[in-house]
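Have a look at the structure below, then the notes.
Coordinate-derived values only; no laboratory data. Source: prediction; values computed, not measured. Note: ideal-geometry Cβ built from the backbone for every residue, glycine included; neighbour counts use all protein chains shown.
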Amino acid sequence: MPFGFSVAAVSVSGSLVTVAARTFNGIGPCRLYVKNTGDQDLTAAKVQIGPAEDALYDYDTATFATLAAGAMLSLALPAPVNAVKLLATCAAGTTVSAWLSDEARQQG
């Protein structure tokens, strides 16, 4: 399962912290995985996609918005994926890991 990106132990302390952002050349469909590796729940999160990193729109604001400490969720992204950005909020501070698989089917 090749990755579009993979980041680990990104500190999320504050509002809408950029966890990952990447520009692609029309890959997909894809699946975005996010794991809250810290000890505090997320209080908001959004996934933005678009034709370019400077032209993004909110694709999903619910899936990862209340991701509990230690929990992991995934979100399918339709093709083509040209740019994706993950932002997360945690007032108390936590850490998250995220990766984008170029295979849209959920992996175990």
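Calculated FRET efficiency, Ala79 to Gln40, Cβ-Cβ distance, R0 = 41 Å: about 0.75 to the nearest 0.05. Here the label points at Ala52 and Ala91, each 7 Å from Cα along the C-beta direction, are separated by 3.8 nm in the simple model. Only Cα pairs under 8 Å and 6+ residues apart enter the sum, and on that basis the relative contact order of the chain stands at 47 percent.
For Ala21 and Ser6, compute 0.36 nm times the residue count separating them, minus their Cα-Cα distance, and round to one decimal in nm.
Contour length minus the Cα-Cα distance gives 4.4 nm.
Panel order for Leu86, Leu42, Leu56, Leu16, by other beta carbons found within 10 Å of each beta carbon, from fewest to most: Leu16, Leu56, Leu42, Leu86.
For the range 46-108, the spherically averaged projection of the C-alpha convex hull amounts to 4.9 nm².
Computed log10 I(q)/I(0) for the range 3-96 at 0.14, 0.17, 0.20 Å⁻¹: -0.45, -0.66, -0.89, from the Debye equation with unit scatterers placed on every C-alpha and solvent omitted. Centre-to-centre separation between the Cα atoms of the range 59-108 and those of the range 7-28: 9 Å. Close amide H contacts of Ile27 (hydrogens built in the peptide plane, cut-off under 5 Å, sequence separation of 5 or more or a different chain): Val81.
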